[in-house]
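The values are calculated or read from the model by the stated rules, or taken from the named source; none is laboratory data. Computed from a predicted model, the values in this text were never measured in an experiment. Here the Cβ is made from the backbone with ideal geometry for all residues, glycine too, and neighbour counts use every protein chain on show. Please note that ligands, DNA and RNA were not included when accessible areas were found on the heavy atoms of the full protein model with its side chains. Shrake-Rupley method; radii C 1.70, N 1.55, O 1.52, S 1.80 Å.
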Amino acid sequence: MTAPPFPCSPVPVSPEIRLTYVLQHFWQAYEAVPPVSIGYPSHQPQIEVAEAAGPFFEQQHPYPPAPTWRQWQGRTIPFFFDSAPDNPLIEWRPNGQAIIHADIISAAFYLLSGWQEYFSEERDQHGRFPYSASVQHRYNFVTIPVVNYYFDVLKTAVEHAIGQPLRLRRWAGKATWACCITHDIDNLYSAWKAPAKAALRQGNLRHFGRQLWQHFTTHDTWDNLSQVQQMVAEYGAKSTFFFLPEYRKAANGTPNADYNIQKVWAHAATAISSAEVGLHASVGTNTQGGQLKEEGHRLQRLRNGVKADGIRFHYLSWEPRITPGLLDELLYTYDSTLGFAEHFGFRNSYCLPFHPFDFQQRNAFLFLEIPLNVMDATLHHPRYLQLAPEEIAPALTPMLQEIERFGGVCTVLWHNENFDPANTHNGPQEFHTLMQYLCSRNPAFLHGQDIVLHLEAEK
Ligand SMILES: [Zn+2]
């Protein structure tokens, strides 16, 4: 597939717009500090950042020139728009002034704004920007929150200017980082299907008959929302459940829910207790505002008029040229779709929630993106990774350590169907191993809306 046409002809993004957008996020990452001027040389700021993007942001190329690689805090980090790699990264000047010789403002803007996916024409069979087309894949840094490293450079210069340390923001009072545990509810009644199909394929009619009998007479293993909620609560964590209000297949044949939300709502609402409810918007709604609005209303009616604050698109469908605009139009306060289905890590190279960039208005969108870092399906799937159970924790740990290091938010998606004990690849055991690690590092476990309110309170 290819990307849809631009909603309107893109216009250049000036250095001032890039600076404003990036600094808005920089100041939000740290606790309040006395103001320090940061900018390009023409403004004669206290902390000067070299301007090295040339005409890149006046054009529509998805990819910038290759990055240079510099050492920072013991890590090798890619720096885009670094035209003087022989200069030190920071040059100290008298009176608390400093010059940063790589254009980390442009580099942070490029990654955080999602420039590559907005201007790339590439989309996969589900209409998504593919990981294989990303700079994260090309230069192999999907598990490094590069923008947080750029901010760390900036922070070091600010500390020099104000003569005192800058502290990372805290979560829920004192926690140094946070986690969101989420579940997309695609299926509640289909656990019997795979074993029944297998029996049929093997010609084992007796076994097939037994599966069918169980299906009609007993409880389906995937009808497990109260167990999921309790299992998560036992870790002192809380769940967010994203419900899919569409059970009809999408126009292209992609399945949506295997349940009719009208029929199951009373049962589901009791099962999840006080957990947060979000909208799991069906295939196609990422480009069709009317249908998206209707699904939101359907869920809202079932909840006695209470609108879901947050949203995640089924199949992580996201069209950068259209979807974010729909979210502001329909007043969602947060989204948690932005991760690559093909690889865990950081799609925007940032481990804190952020406001995606509006390429039409040329400022930040109002809704908050709480990036998705780990999806169960990513870890073991014919088209994604095929990690063995014992490989999962070693693969994820360095990324989780990066989030903790920068006081970020780790968002995990574990589908309810993968709490089925029959799943021994990315099932309940692998979820427990991940939760045990997270708990050992003392994050605040928060709902998406807790994060929104927390950040608003500090504005
Ligand atoms: Zn889904």
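Only one of these conditions is not met by Y259: (1) within 15 Å of the ligand (Cβ to nearest atom); (2) out of contact with any strand residue (DSSP E or B) (no Cβ under 9 Å at 6 or more places or on another chain). Which number is it?
(2)
Tell me, please, whether a residue that is in a helix (DSSP H, G or I), open to solvent by less than 10 Å² (accessible area, probe 1.4 Å), within 16 Å of the ligand (Cβ to nearest atom) and farther than 30 Å from Y30 by Cβ can be found in segment 407-424.
yes
Any residue that is open to solvent by less than 10 Å² (accessible area, probe 1.4 Å), among the β-branched types (V, I, T), assigned to a helix (DSSP H, G or I) and at negative phi - is there at least one of those in segment 249-262?
The answer is yes; a qualifying residue exists.
I'd like to check something: does segment 431-439 contain any residue that is open to solvent by 20 Å² or more (accessible area, probe 1.4 Å), farther than 26 Å from N256 by Cβ and in contact with a strand residue (DSSP E or B) (Cβ under 7 Å, 6 or more places away or on another chain)?
No; the residues of segment 431-439 include none that is open to solvent by 20 Å² or more (accessible area, probe 1.4 Å), farther than 26 Å from N256 by Cβ and in contact with a strand residue (DSSP E or B) (Cβ under 7 Å, 6 or more places away or on another chain).
Here's a check for you: in segment 166-192, which residue that is in contact with a Ser or Thr (Cβ under 8 Å, 6 or more places away or on another chain) and open to solvent by less than 10 Å² (accessible area, probe 1.4 Å) is farthest from the ligand (Cβ to nearest atom)?
The extreme case among them is C179.
If I ask for residues that are over 19 Å from the mean Cα position of the chain (by Cα) and under 26 Å from P7 (Cα atoms), which ones from segment 288-320 would you list? I'd like the intermediate steps shown before the answer.
Going through segment 288-320, the residues over 19 Å from the mean Cα position of the chain (by Cα) turn out to be 288-307.
Answer for segment 288-320, where residues must be over 19 Å from the mean Cα position of the chain (by Cα) and under 26 Å from P7 (Cα atoms): Q288, G289, G290, Q291, L292, K293, E294, E295, G296, H297.
Listed here are the residues, each with its yes/no results for (1) under 23 Å from G163 (Cα atoms); (2) exposed (fewer than 12 other Cβ atoms within 10 Å of the Cβ); (3) not assigned by TED's automatic domain parsing to the domain that holds N148.
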{"site": "L23", "(1), (2), (3)": "yes, no, no"}
{"site": "W27", "(1), (2), (3)": "yes, no, no"}
{"site": "P41", "(1), (2), (3)": "yes, yes, no"}
{"site": "P45", "(1), (2), (3)": "yes, no, no"}
{"site": "A50", "(1), (2), (3)": "yes, no, no"}
{"site": "P55", "(1), (2), (3)": "no, yes, no"}
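Have a look at L385, L400, L379, L372 and point out the one that is within 24 Å of H314 (Cβ to Cβ) and modelled with pLDDT of 95 or more.
L372
Against the condition buried (at least 17 other Cβ atoms within 10 Å of the Cβ) and within 16 Å of the ligand (Cβ to nearest atom), how does W265 come out, does it pass? Even if it seems obvious, please write down each step before you answer.
On the way: buried (at least 17 other Cβ atoms within 10 Å of the Cβ): yes; within 16 Å of the ligand (Cβ to nearest atom): no.
Spelling it out, it is not the case that W265 is buried (at least 17 other Cβ atoms within 10 Å of the Cβ) and within 16 Å of the ligand (Cβ to nearest atom).
Does G310 qualify as being assigned by TED's automatic domain parsing to the domain that holds V264, away from the ligand (no atom under 15 Å from the Cβ) and modelled with pLDDT of 95 or more?
Against the criterion (assigned by TED's automatic domain parsing to the domain that holds V264, away from the ligand (no atom under 15 Å from the Cβ) and modelled with pLDDT of 95 or more), G310 does not qualify.
So, of the residues in segment 198-248 that are of a type in the set (K, R) and either closer than 26 Å to E294 by Cβ or assigned to a loop (DSSP other than H, G, I, E, B) (or both), which turns out to be farthest from the ligand (Cβ to nearest atom)?
It comes out as K238.
Are any residues in segment 67-83 surrounded by 22 or more Cβ atoms within 10 Å (Cβ to Cβ) and either on the phi > 0 side of the Ramachandran plot or outside the structural domain of V147 (by TED's automatic domain parsing) (or both), and if so, which ones?
Passing the criteria: only F81.
How many residues, within segment 2-21, are touching a strand residue (DSSP E or B) at 6+ places or on another chain (Cβ under 8 Å), surrounded by 11 or more Cβ atoms within 10 Å (Cβ to Cβ) and not aliphatic (A, V, I, L, M)?
Number of matching residues: 2.
Please list, ordered by first then second residue, the pairs with beta carbon atoms under 6 Å, 6 or more apart or interchain, first in segment 341-369 and more than 15 Å from L326 (Cα to Cα), second aromatic (F, W, Y).
E342/Y131; E342/Y384; H343/Y131; R347/F340; C351/F406
Within segment 276-304, take every residue that is in contact (Cβ under 8 Å) with a residue 60 or more places away in the chain and of a type outside the set (D, E) and give me the one that is most open to solvent (accessible area, probe 1.4 Å).
T287
Quick one: in segment 290-307, of everything that is within 18 Å of V264 (Cα to Cα) and assigned to a helix (DSSP H, G or I), which residue is nearest to the ligand (Cβ to nearest atom)?
Among them, the one singled out is E295.
Is it the case, given these coordinates, that A268 is in a loop (DSSP other than H, G, I, E, B), small (G, A, S) and under 24 Å from P428 (Cα atoms)?
On the way: in a loop (DSSP other than H, G, I, E, B): no; small (G, A, S): yes; under 24 Å from P428 (Cα atoms): yes.
No; evaluated as a whole, the condition is false for this residue.
Within segment 389-406, count every residue that is open to solvent by less than 20 Å² (accessible area, probe 1.4 Å) and touching a helix residue (DSSP H, G or I) at 6+ places or on another chain (Cβ under 6 Å).
Our first condition is that a residue be open to solvent by less than 20 Å² (accessible area, probe 1.4 Å); within segment 389-406, this holds for 392, 396, 399-400, 402-403, 406.
Cutting the leftovers down to touching a helix residue (DSSP H, G or I) at 6+ places or on another chain (Cβ under 6 Å) gives us 392, 406.
So the answer is 2.
Can you say whether L326 is open to solvent by less than 30 Å² (accessible area, probe 1.4 Å), over 19 Å from Q28 (Cβ atoms), among the aliphatic types (A, V, I, L, M) and away from the ligand (no atom under 16 Å from the Cβ), as far as the supplied structure shows? Full working, then the answer.
On the way: open to solvent by less than 30 Å² (accessible area, probe 1.4 Å): yes; over 19 Å from Q28 (Cβ atoms): yes; among the aliphatic types (A, V, I, L, M): yes; away from the ligand (no atom under 16 Å from the Cβ): yes.
Spelling it out, L326 is indeed open to solvent by less than 30 Å² (accessible area, probe 1.4 Å), over 19 Å from Q28 (Cβ atoms), among the aliphatic types (A, V, I, L, M) and away from the ligand (no atom under 16 Å from the Cβ).
Working only within segment 406-427, note down all residues that are within 16 Å of I392 (Cβ to Cβ) and either of a type in the set (S, T, Y) or in contact (Cβ under 8 Å) with a residue 60 or more places away in the chain (or both).
Filtering segment 406-427 for residues within 16 Å of I392 (Cβ to Cβ) gives 410, 412-415, 418-419, 423-427.
Hits for segment 406-427 are C410, V412, L413, W414, H415, F419, T424.
Only one of these conditions is not met by S336: (1) within 16 Å of the ligand (Cβ to nearest atom); (2) over 15 Å from the mean Cα position of the chain (by Cα). Which number is it?
Only one criterion is unmet by S336, namely (2).
Considering segment 84-114 alone, what residues qualify as being surrounded by fewer than 16 Cβ atoms within 10 Å (Cβ to Cβ) and either of a type in the set (A, V, I, L, M, F, W, C) or at negative phi (or both)?
Across segment 84-114, the qualifying residues are A84, P85, D86, N87, P88, E91, W92, R93, P94.
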